[in-house]
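The values are calculated or read from the model by the stated rules, or taken from the named source; none is laboratory data. Just so we're clear, the structure is a prediction, and the values are computed from it rather than from any experiment. Cβ: placed from backbone, ideal geometry, glycine included. Neighbour counts: every protein chain shown.
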Amino acid sequence: MGVLVKIAGVAGVALMAQGCVIIADGDDVQMHRGSSYDADDPMPMVIIDERDVQREEAPPHGKIGMSTAYRMSELAPRREMEFTKRTLHVGAAVGQHVLDHDEVYYVLSGTGRVFSDGENAILRPGMAAYLYEGADVGIEQTGSEPLTIIISYPLDHRR
């Protein structure tokens, strides 16, 4: 199955190359390698530090305002789902769009208004909106504080 090795002092990255999976988390690096490694072998885990995936960008689906995105799952080899933390700055929104999968918005901090097929609801910390495939959805920041949410959904090309 291979060997799991930790190496200190390397910047955060994740990559797969020639039978190796290298996963960095801050100062720690894990390398899975071995002559029997196969891309279909189960992986024990990937640890991702949000500082390694943080970027300032306009939110998707309309680019309304600015946000800080933490695409936690983008460093996971062979991932089958999206898991993103996004902070919508004051006045920002993920514009309305039709889902081609189920999706969850979970509020960590701030307040927001979620929209789905003409309905809307206020979300506060600890609340989640489960949104269904085919719905026309979006979410906007409300109030004086930024809205931080977790967005999670399956990747369609993996279904």
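In region 136-154 there is no residue matching the filter, namely being of a type outside the set (S, T, N, Q), surrounded by fewer than 13 Cβ atoms within 10 Å (Cβ to Cβ) and part of a strand (DSSP E or B). Number of residues in region 107-118 that are surrounded by 17 or more Cβ atoms within 10 Å (Cβ to Cβ) and under 18 Å from residue 133 (Cβ atoms) equals 3.
When restricted to residues that are at pLDDT below 95 and more than 20 Å from residue 100 (Cα to Cα), region 55-80 contains 5. Pairs please, first residue from region 73-101 and touching a residue at least 24 places away in the same chain (Cβ under 8 Å), second anywhere and basic (Lys, Arg) and crowded, with 17+ Cβ neighbours inside 10 Å, Cβ atoms under 9 Å, 6+ apart in sequence or on different chains. Partner pairs satisfying both residue conditions: 82/71; 83/71; 84/71; 85/71; 86/71; 94/86. In region 45-72, the residues that are under 17 Å from residue 89 (Cβ atoms) and of a type in the set (Ser, Thr, Tyr) reach residues that are modelled with pLDDT under 95 and assigned to a helix (DSSP H, G or I) with C-beta atoms within less than 8 angstrom, at least six apart or across chains, in these pairs: 70/50. Across region 53-85, the number of residues qualifying as among the charged types (D, E, K, R) and either in contact with a Leu (Cβ under 9 Å, 6 or more places away or on another chain) or surrounded by 16 or more Cβ atoms within 10 Å (Cβ to Cβ) (or both) comes to 5.
Does region 85-129 hold any residues that are β-branched (Val, Ile, Thr), under 22 Å from residue 54 (Cβ atoms) and either part of a strand (DSSP E or B) or touching a helix residue (DSSP H, G or I) at 6+ places or on another chain (Cβ under 7 Å) (or both), and which are they? Within region 85-129, 87, 94, 104, 107 qualify.
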